[in-house]
1. Could you sort A:Leu125, B:Leu113 by accessible area so the largest value comes first, with the probe set to 1.4 Å?
2. Along the range B:97-106, what does the Karplus equation 6.51 cos²θ - 1.76 cosθ + 1.60 (θ = phi - 60°) give for ³J(HN,Hα), rounded to whole Hz, x for Gly and Pro?
3. Order these peptides, B:139-145, A:335-341, by their mean beta-carbon neighbour count within 10 angstrom, highest first.
4. For the range B:115-162, which trypsin sites (Lys or Arg not before Pro) pass both filters: DSSP loop (anything but H, G, I, E, B) and at most 14 other C-beta atoms within 10 Å?
5. Return the loop-located chymotrypsin sites (Phe, Trp or Tyr not before Pro) in the range A:1-75 (DSSP other than H, G, I, E, B) with at most 11 other Cβ atoms within 10 Å of their own Cβ; answer none if there are none.
6. Checking the a/c ratio against 1.5 first, then a/b against b/c, what shape does the Cα gyration tensor give for the range A:277-384?
7. How far is helix A:125-136 tilted, in degrees, relative to the longest principal axis of the Cα atoms in chain A, given as a value from 0 to 90 rounded to the nearest 10?
8. Please list, ordered by chain and number, the residues whose modelled amide H lies under 5 Å from the amide H of A:Tyr47; skip anything fewer than 5 residues away on the same chain.
Amino acid sequence: MKGIFDFLSHHLQQFLTYTAFANFTIGHVIMILVGLFFIYLAIRKEYEPLLLIPIGFGILIGNVPFYPGLKIGIYETGSVMNYLHFGVLQGVYPPLIFLGIGAMTDFSALISNPRLVLIGAAAQLGIFGAYMIALQLGFNASEAGAIGIIGGADGPTAIFLSSKLAPDLMGAIAISAYSYMALVPVIQPPVMRLLTSRRERLIRMKAPRQVSKTEKVLFPIVGLLLTTFVVPSGMPLLGMLFFGNLLKESGVTKRLADTAKGPLIDIVTILIGLTVGASTQATTFLTAKSIGIFALGAVSFVIATMGGVLFVKLINLFLRDGNKINPLIGNAGVSAVPDSARVSQVVGLEYDPKNHLLMHAMGPNVAGVIGSAVAAGVLLSFLS
Amino acid sequence: MKKAGFIILLWCIYLPGLQAQSTTDLKFNEILVHNDSGYIDDFGQHSPWIEIFNTAFNYVDIGGCYLTNDPSDPKKYPIPKGDPITRIAPRNYIVFWAANQPTHGIRHLNFDLRESRFLALYDADGRTLIDSLSWGPQQAGIAYGRAEDGSLPWIFLPKNTPNANNNTTPRTSAAQQFQQIDPVGIGMAAIAMSVVFLVLLMLFIIFKNFSNAFIFMEKRKEQKKLRSLRGAGFPPDENLVAVGLAIHLYAKEIQEHEDFILTIKKVSRTYSPWSSKIYGIGGWPRH
């Protein structure tokens, strides 16, 4: 009888050591609270729910404490989460997401007013501003490049580049990028108001002309050849982006385009969100570097917004009245599609209820997608 | 016939691609002819050795190829197929022992490197030469190899490096070099922003001109259409202008009447966070 009791007691004790209660740390608790906050923002505030719900829940999954060695954790070789995380580590998911983005994106606004593409270039200043600050804070060049890309406001690009340049920081970079993308409506408006006068905010722009099908079909082909010939390292992202767009615009591959922008991107979004969230396991995530990355992420978004708005003000100096650009679309040069364009629209309507800037802002917004992918390619070429 | 031609064309495009990803990427990288005290084989012997480098960024299987030290006998040593050790990882190496002891395993060749001053690697057909090497007098214990893996020139190496990089000088990564030269990051910012601007500027220039050309073509098409209509007995320009003006004013009047009528219809497309113009105006997050 005593033997049975000892046996049961021993295994009960062993079972208790396997429970989360026996393994949790204050770090796990903090991260679980962060995950819950993300879920709250997504459900209650409707901030990017399709991204923040998977990421928030992923944070919960990644921070349930466990006894190491049982092939449970995302960093344990052979675990299910580890297999799913492979697509993030090897940069598989981001190009697939870009395929879907390409199949969804209408480049008409850009084609009808090509000068708006330059705003998308100016807003990449956030990337390199953050890069310079990160270097001063003691990050090495590869880490600084990976952190800087947060300023591109493009989650897939940030994951892709950090998986190549600084895999250890990828979790923090991805979380930071997605968090600030969700907070674009909070971060950008004050900067836009600060840098523009009331008169500038009231500028009305000419309605974009109608774009022909030929132009729409040619855009992804020319865009691909042009961008990747200069920056071949941007091929995985740019190739998929323009390929997806050709599927959409060709008009003869509707099924493929529908799959790319529907089920495929949904599946990849689930996988990338969940695994990025789960990669924030407190034991590896809660470091001083992560906090620095979060701070730099916010700074990079502010610099990017400033870059776009100030660039519009600059080129307005050379444009005639009637051709001027409303600087409120400058913020849309970051590639948070379509959130930053929505910010332009909403802020613009505050000052003139009849001045709809959304279509104009979509130009720099999609240019920002191309610009951030090109910037990622440049960083990859120089730093890898 | 056309279909066959198309398939042949595709095949022609594909074949060189296959070559570029295959055994042609293999190169002799380093040899040690007189191995008196260095690297020992799996039988504990100091045998002469040959290192082959896979210059490709993908796996290459050397199995099925031939190694020889006799120009008249290209198939002297057939490297067995199907063995996992003949599969060379990207930018990696395989070492063969050349002491005429083929019974010791598949990496032990049936000739001795000291017998001649020639070495060749042939493809599986036994005719296509992949790489060859000849050398002069060799010193004991000093390897002869490429100064940089896969590249010229061949030199006597300061260190014997079987299964390792020939260049043993400490090297810094591109990122480290960049940081040393540009510790503030201003150079990187300037160069990278210039590249981003250049790429997007090129896109701007092309599409600006393309747009102009397109608008010009559209106008010409309209003019042509107008001319053909006139040719078919349509009224002269003044009348057309009058009719056009009347239609324009009528349309404007309608617009004024309907100025405050706004139709809101929920779009039933699938929502996605990546491109949701459909939620553009109404989908502002609640604060």
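The values are calculated or read from the model by the stated rules, or taken from the named source; none is laboratory data. Quick caveat: nothing in here was measured; it's all calculated off a predicted structure. Note that each Cβ is placed from the backbone with ideal geometry, even for glycine, and that neighbours are counted across all protein chains shown. The protein model used for the area step is the full one, side chains on, heavy atoms only, and it has no ligands, DNA or RNA in it. Shrake-Rupley method; radii C 1.70, N 1.55, O 1.52, S 1.80 Å.
1. My answer, sorted largest first, is A:Leu125, B:Leu113.
2. Once θ is set to phi - 60°, the couplings for the range B:97-106 become 9, 10, 10, 6, 10, x, 6, 7, x, 6 Hz.
3. A:335-341, B:139-145
4. Filter output for the range B:115-162: B:Arg117, B:Arg127, B:Lys159.
5. none
6. prolate
7. 50 degrees
8. A:Ala42
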